[in-house]
1. When you go through L238, L242, L201 one by one, which is the residue that is outside the structural domain of A310 (by TED's automatic domain parsing), modelled with pLDDT of 75 or more and under 27 Å from I385 (Cα atoms)?
2. Can we say Q121 is at negative phi and either among the aromatic types (F, W, Y) or surrounded by 12 or more Cβ atoms within 10 Å (Cβ to Cβ) (or both)?
3. Can you tell which of E96, E149, E115 is farther than 25 Å from P59 by Cα and not assigned by TED's automatic domain parsing to the domain that holds L377?
4. Which one of the conditions (1) surrounded by fewer than 16 Cβ atoms within 10 Å (Cβ to Cβ); (2) modelled with pLDDT of 90 or more; (3) assigned to a strand (DSSP E or B) does V270 fail to meet, given that it meets all the rest?
5. Taking the range 219-267, which residues are assigned to a loop (DSSP other than H, G, I, E, B) and either more than 44 Å from the chain's Cα centre (by Cα) or on the phi < 0 side of the Ramachandran plot (or both)?
6. Just wondering, is there one or more residues in the range 141-155 that are surrounded by fewer than 13 Cβ atoms within 10 Å (Cβ to Cβ) and at pLDDT below 90?
7. How many residues are farther than 21 Å from G166 by Cα and either within 35 Å of the chain's Cα centre (by Cα) or at pLDDT 90 or above (or both) if we restrict to the range 59-106?
8. Kindly indicate whether any position in the range 100-111 is aromatic (F, W, Y), surrounded by 14 or more Cβ atoms within 10 Å (Cβ to Cβ) and under 13 Å from M55 (Cβ atoms).
Amino acid sequence: MMNSDTASDGNGRQSKQLATLVRLLSIEVTGVQPALSEANTFIADAIGAAKVEVMLYDPAIDSLVATGASQTPMSQRQIQLGLDRLQLVNGGRVVEVFQTGRIYQHGHVDQDEGELIGLRQGLGIRSAIVVPVVVGDTKRGVFQANWTEPEAFDQEDAEFVRAVAGWIVLLLQRAELVERLRREAAEESRRLVAEELVTVLAHDLGNYLTPLIGHTYILHARAEQAGRADDLRTTTQLRRGLERLKRLIDDLLDISRIEQGIFGLVRQPVELCALVHAVANALGTPDVTIQVEAPRELIAEADPERIRQALENLVSNAVKHSPKGMPVTLSVAPETRTDDEWAVLTVQDRGPGIASNLLPQLMERFVKDPKSKGLGLGLYLARSIAEAHGGTLTVESTVGMGTIFRLALPLSSA
């Protein structure tokens with residue numbers, strides 16, 4: 001029969017353990033390290049352990065790293081001896097628990113030759129409970145409690161440590177979520193500041209660039225009147241360079257409008273075949289010709305300037321990546337789909353192609369093929385223009401065989 005003192009001690013310990021679990025729930029989570037440190041200190045006090053800690057696996061160094069150890073003398077000595085990092089290759093009971101998922105309990109660790117000698121002699125651990133920490137299906141590390149006395153824990157202590165390990169998993173998930181949200185918020189803040197700066201710079205550059213382009217036209221006209229062939233070639237090259245720069249600035253400003261939700265369309269009936277021929281005539285070069293395949297007429301309800309802008313981005317990319325003497329094909333054709341009649345504008349080159357791992361992100365901002373010299377904005381803008389019209393932009397590519405972009409637009413019901 002249990003005497004009153006024993007019952008009182010048992011009830012007191014259970015109350016303390018319950019209070020510890022309640023305190024775990026009340027921890028203000030600001031990050032993984034401080035949250036686990038606070039939790040482990042509570043737990044060490046509740047069970048009278050010399051050290052309580054979570055050791056998380058770090059794949060970069062293939063080691064278990066003590067994260068948020070309890071604030072005790074043994075924890076400090078562990079750091080001094082370099083035992084706060086346990087390489088998997090060195091083995092030991094802690095590593096064994098992590099790898100196998102089996103709980104380790106021992107009341108005479110100093111006699112267990114399967115444990116690392118540094119833990120047995122350097123830290124003087126005599127009793128230990130080590131429990132795996134698993135998040136979902138992923139092994140994340142271990143949770144352990146250590147004592148300096150042999151047979152320091154009983155069955156109730158062991159059950160409590162196993163229960164706490166589950167609470168530690170929840171706390172770890174909360175802490176990692178907080179850190180991820182904080183990191184994403186900081187990245188988003190930096191992105192917004194950068195976008196605002198780019199927009200301001202693009203706007204100012206546009207103001208300077210417009211009169212410069214006007215002056216090149218005047219110089220070109222004067223050179224033409226005077227019959228100065230060399231000056232004509234120079235002013236033509238200068239004008240083309242400035243116009244490419246202006247298109248880049250316009251793209252930057254348009255992307256800013258897209259992000260702000262003020263990207264507008266001026267819809268009207270557009271004869272797509274004529275538009276395709278105009279783009280081909282403007283962007284073809286002596287080295288790379290543009291072959292047009294189009295019916296006599298195909299009309300869509302769209303913004304002609306925006307469609308031209310999207311096509312020019314696609315065709316310019318195709319021309320840049322096409323080998324000398326290999327033409328780019330620009331075609332437009334009607335297509336019947338289950339919901340409506342569509343027009344599909346296709347740009348096909350025979351260049352080096354795009355790696356398959358890059359294709360899913362290719363149309364995001366500032367994503368580009370490593371061989372490209374652009375900023376990675378043209379495809380994002382082209383896709384945004386297609387989607388603003390209720391259409392799509394898709395890509396197919398095979399390394400060494402070339403790339404095909406398809407811009408699909410719903411046709412005018414008229």
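The values are calculated or read from the model by the stated rules, or taken from the named source; none is laboratory data. What you see is a predicted model; the values in this text were computed from it and never measured. Please note: Cβ atoms are built from the backbone with ideal geometry, for glycine as well, and neighbour counts cover all protein chains shown.
1. Being outside the structural domain of A310 (by TED's automatic domain parsing), modelled with pLDDT of 75 or more and under 27 Å from I385 (Cα atoms) holds for just one of L238, L242, L201, which is L242.
2. When the stated conditions are applied, Q121 does not pass them.
3. Answer to the selection: E149.
4. The failed condition is (1).
5. Result: G227, R228, I262, F263, G264, L265, V266, R267.
6. Yes: one or more hits.
7. Summing the residues that are farther than 21 Å from G166 by Cα and either within 35 Å of the chain's Cα centre (by Cα) or at pLDDT 90 or above (or both) in the range 59-106 gives 17.
8. Yes: one or more hits.
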